[in-house]
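Written below as structure tokens is the structure these notes are about.
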Amino acid sequence: MLSWSGKLLWSVAFCLGLVLLAGYFFPILAQEGFSEITIRTSSVEYDENTGKIVAPGASTIEWGEVVIRCPALEIDTEKRELKSTGEIDITWGEYQINASELFYQGEANRLWLEKVEGSGKEVVFAAPQVQIDFEARQLLAEGEVSFKLEPFELGCTKLVYSFQDRTWMAFEVHLSGEGWEGQAQRAVFKEGSPFISILGGAKIVKGNHSMVGDEILIYPETRKIQVKGEVSINIQP
């Protein structure tokens, strides 16, 4: 059992560990105008069984406007790793994301989130795993990813969000909605834009009719579809 002085030393070590962890990011992010990582918690404990430091209560990880709220944190300062399980909540701007597990690995400078569901003013998405790449300033989802802008839904194998450009990009896309089915190598949606752009072998089909073009613009609010570039329209009676 640790004495009060031992507990104090571990608290100091914990705080130093957080400073070192934040310092890992700051030299990279400060050059681009991004904020450093800040970890906030109310108390810490040393776990004699695991040799790790634990923040048993609610804790937050802050990076600019991104705030990650965890029910608890386990910190390995030697490996520079963070772990949390339970109801994890991530917010930035108008986005709200829920996840069941969190893991940060210092060497990769990335944060992994498991079983993720999220929504914003215009979009809803879900993915089995999401990574936040602090150096690239991106959110990356892979696997069976769903991305919705009502009334259209995009299924994709990879979804990337740029915190800097405020842009979503999906890869290997299958689109559906309003009776339409479509496919493309990628789709791009910029926050605030009235349309989704699908590119690379872009094709949409409704019933017996199909349209192919270099780029297809889909307007979710008005349901308008615009085909650009080398356009091919196939209408069957």
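The values are calculated or read from the model by the stated rules, or taken from the named source; none is laboratory data. These numbers were taken from a predicted model, which means no experiment stands behind them. Every residue, glycine among them, receives a Cβ derived from its backbone with ideal geometry; neighbour counts consider all protein chains shown. Please note that ligands, DNA and RNA were not included when accessible areas were found on the heavy atoms of the full protein model with its side chains. Shrake-Rupley method; radii C 1.70, N 1.55, O 1.52, S 1.80 Å.
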Label-to-label distance, nm, for residues given as A58 and E150 (7 Å Cα→Cβ offset): 2.9 nm
Globularity ratio of the stretch 103-174, using Cα Rg and 2.2 N^0.38 Å: 1.08
Might you work out the accessible area of S176 for me, using a 1.4 Å probe with all protein chains in place, and round it to the nearest 10 Å²? 30 Å²
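Find how much the distance from R80 to E181 grows on full extension, using 0.36 nm per residue of separation minus their present alpha carbon separation; answer in nm with one decimal.
On the way: separation 101, 0.36 × 101 = 36.36 nm, distance 4.57 nm.
Full-extension gain reported as 31.8 nm.
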Counting only protein heavy atoms and a 1.4 Å probe, tell me what percentage of the stretch 146-237's accessible area is made up of carbon and sulfur. 48 percent
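So for each of 84-93, 109-118 I average, over its residues, the number of other beta carbons within 10 Å; can you give me the resulting order with the highest mean first?
Put in order of decreasing packing, that is 109-118, 84-93.
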On a full-extension model of 0.36 nm per residue, what is the gain between R166 and N49, subtracting their alpha-carbon distance, rounded to one decimal in nm? 37.8 nm
Filtered hits (lysines, Cα-Cα < 29 Å from K203, offset >= 8 within chain) -> K121, K148, K158, K190, K224, K228
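Please give the per residue accessible area of the stretch 113-215, computed with a probe of 1.4 Å over protein heavy atoms only, in Å². Walk me through the numbers on the way to the answer.
Details: 4700 Å² over 103 residues.
With all protein chains present, the stretch 113-215 gives 46 Å² per residue.
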Gain in span if fully extended, S210 to H174, counting 0.36 nm per residue against the direct Cα distance: 11.5 nm
Near K52, which lysines are there with a Cα under 26 Å away, not counting those fewer than 8 places off in the same chain? K7, K79, K83, K115
Using only the alpha carbons, work out the radius of gyration and Dmax of the stretch 81-237 in angstrom. 17.1, 62
For a label point 7 Å along the Cα-to-beta-carbon line of N98, residues of the stretch 37-80 with backbone N under 15 Å: 69-71
Where in the stretch 60-92 does the label zone of S42 land, with the point 7 angstrom along Cα→C-beta and an amide N cut-off under 14 Å? 60, 70-73
